[in-house]
């Protein structure tokens with residue numbers, strides 16, 4: 001099924017000089033770049049992209065728990081992480097991509113790799129280029145530097161595409 005998905009190359013990916021490498025990996029997997037823009041992320045978009053929705057916050061917090069860290073509550077941990085993400089993604093230039101292809105969301109997620117680069121499979125972007133991990137990030141009070149955001153579902157992709165590429 002032909003789909004569209006959203007990719008954001010985060011400030012660490014842009015500053016690390018990985019933009020072209022990241023794009024070429026998605027294209028090699030059969031995804032076509034429909035739109036691309038470099039920008040500083042506006043806070044009003046970022047707050048919608050990383051919402052303070054309780055279910056979303058719980059899911060984010062559960063990644064910390066799965067990494068082996070004890071927390072008071074997944075919800076509280078998710079709230080902290082979303083705050084860190086918002087601050088980080090607005091801290092430097094990003095590149096926002098609209099990709100299209102067969103099963104684009106699934107393909108992009110597979111190419112991207114798991115959220116925690118230390119456990120992402122080799123051959124994925126995060127597994128090959130990422131050097132951070134969830135436990136260090138939490139200990140240091142910051143998000144995981146994992147180079148990329150990739151939409152997690154077709155519904156999420158549709159919502160995010162409207163945010164970053166309105167009209």
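Which of these, 126, 79, 36, has the largest mean-square fluctuation under a Gaussian network model of the chain (Cα springs below 10 Å)? Fluctuation is largest for 36. Between the stretch 50-90 and the stretch 109-167, the alpha-carbon centres lie 14 Å apart. Based on Cα contacts under 8 Å between residues 6+ apart, the stretch 29-97 shows a relative contact order of 49 percent.
Fewest neighbouring Cβ atoms within 10 Å first, the residues 147, 129 line up as 129, 147.
Working from label points 7 Å from Cα in the Cα-to-Cβ sense, the residue 165 to residue 103 distance is 2.2 nm. Semi-axis lengths, largest first, of the ellipsoid equivalent to the stretch 2-164 are 24, 17, 15 Å, with √(5λ) applied to each eigenvalue of the Cα gyration tensor. Spacing of the modelled spin labels on residue 32 and residue 15, each 7 Å from Cα toward Cβ, amounts to 3.6 nm. In the stretch 14-89, the C-alpha radius of gyration followed by the widest Cα-Cα span (Dmax) gives 15.9, 43 angstrom.
When only Cα pairs below 8 angstrom with a gap of at least 6 residues are kept, the chain shows a relative contact order of 36 percent.
Taken together, the values in this text are just the output of simple stated rules run on the coordinates, not laboratory data. The shown structure was predicted, so the numbers you read here are calculated from the model rather than taken from an experiment. Every residue, glycine among them, receives a Cβ derived from its backbone with ideal geometry; neighbour counts consider all protein chains shown.
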